[in-house]
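Below: one structure, written as structure tokens.
What follows draws every value from the coordinates through simple rules; no lab data is involved. Quick caveat, the model's predicted, so the values are computed rather than measured. No Cβ is skipped: glycine too gets one built from the backbone with ideal geometry, and neighbour counts run over all protein chains shown.
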Amino acid sequence: FMDKSTNPGEDDEEEDDDDDEEEEDDEGSEDSDSDMDGSNTEQEELSLGERCDKFMIPWIGCIQEHRNVYSLISNAFYQKDYVDPLEDTVPDHRRNPFSKTDADIGERDGYIIKYIGVEVDLGNWREHVEADADDGRDGEFLDDEEQQQLPQLSHYPEERHLINAYAKFRLTDESGQPIEVAYIKDQKGRLLGFDSFTKRDGNGAGAGEDGLHENKETEHDGSTSEHVKIHDGECTFHIVPGETTSVSAYAIYRGVRKEGEDGESVREDVMYYTPDIPLPGIQSGKK
């Protein structure tokens, strides 16, 4: 038998309280379900583009505000992911220096450096050096210990000062093979810029797009030869003041495919490179 309260009506009050609590729980559950349904409905009403904009617009704003930092980050990423692995596939016997034998090929004031197949333009660096001289800084260079004290990209995304420079590459080598990638490195082997010149036809020839130059050879009588064309591509790279002391230009051209030892087809790419090109105006005493 169940024990009953000695106070009349007490059991009825307890049952009423239990009923009220159950009703409150049911109402709370309904409100929660309603909130979840509203949230899901709101998400469903947003288009894919609107959901992407929520994250992409702030990211684009960050890139626009810190363009130089992102350029350095991008160079470091592509060097590890693309340039270095491709370079490692080219053995030493297929690595050749750019030729510099013609009488009209050479340095011009130290800021335009010409080789057969590549021309490096340091004109903007010259302006930087002249501005430094006017300010009495004379192209100071930071040694390794001083460079280590600079803000690191991964910890302090502060804007870095970069100087744009340019290198113009021949888009086909002497055998007519198209260029795969052209790039510039500094004295420590760090990538300063690269370009694959994707706007070209299957023969590596450009069609006048941005970054591509079509040169027509001039005959002895002054007429222009339409059947002989040399195509060049311009690669932009960035000099880091206080860090960069010299640059080197590289180009990897697609080689012919040959059957390897395992029976698979292997492309035998060829690399051309310049020696280190010292940046004019840097104090040697600081190195």
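Computed values, structure above
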| read-out | value |
| --- | --- |
| Note, ³J(HN,Hα) from phi for segment 164-176, Karplus 6.51, -1.76, 1.60, rounded to Hz, x at Gly and Pro | 6, 9, 9, 9, 9, 10, 6, 7, 9, 7, 5, 8, x |
| Residues residue 188 and residue 130, FRET efficiency given R0 of 35 Å [Cβ-Cβ distance, rounded to 0.05] | 0.85 |
| Computed FRET value (nearest 0.05) for residue 92 with residue 112, which takes r as the C-beta separation and R₀ as 30 Å | 0.50 |
| Extended-chain gain in nm, criterion 0.36 nm per residue less alpha-carbon gap, residue 82 and residue 57 | 6.2 nm |
| Amide H contacts of residue 266 (H built 1.01 Å from N, under 5 Å, at least 5 apart or other chain) | 258, 259, 260 |
| Relative contact order for segment 238-287, counting Cα pairs under 8 Å that sit 6 or more residues apart, in percent | 40 |
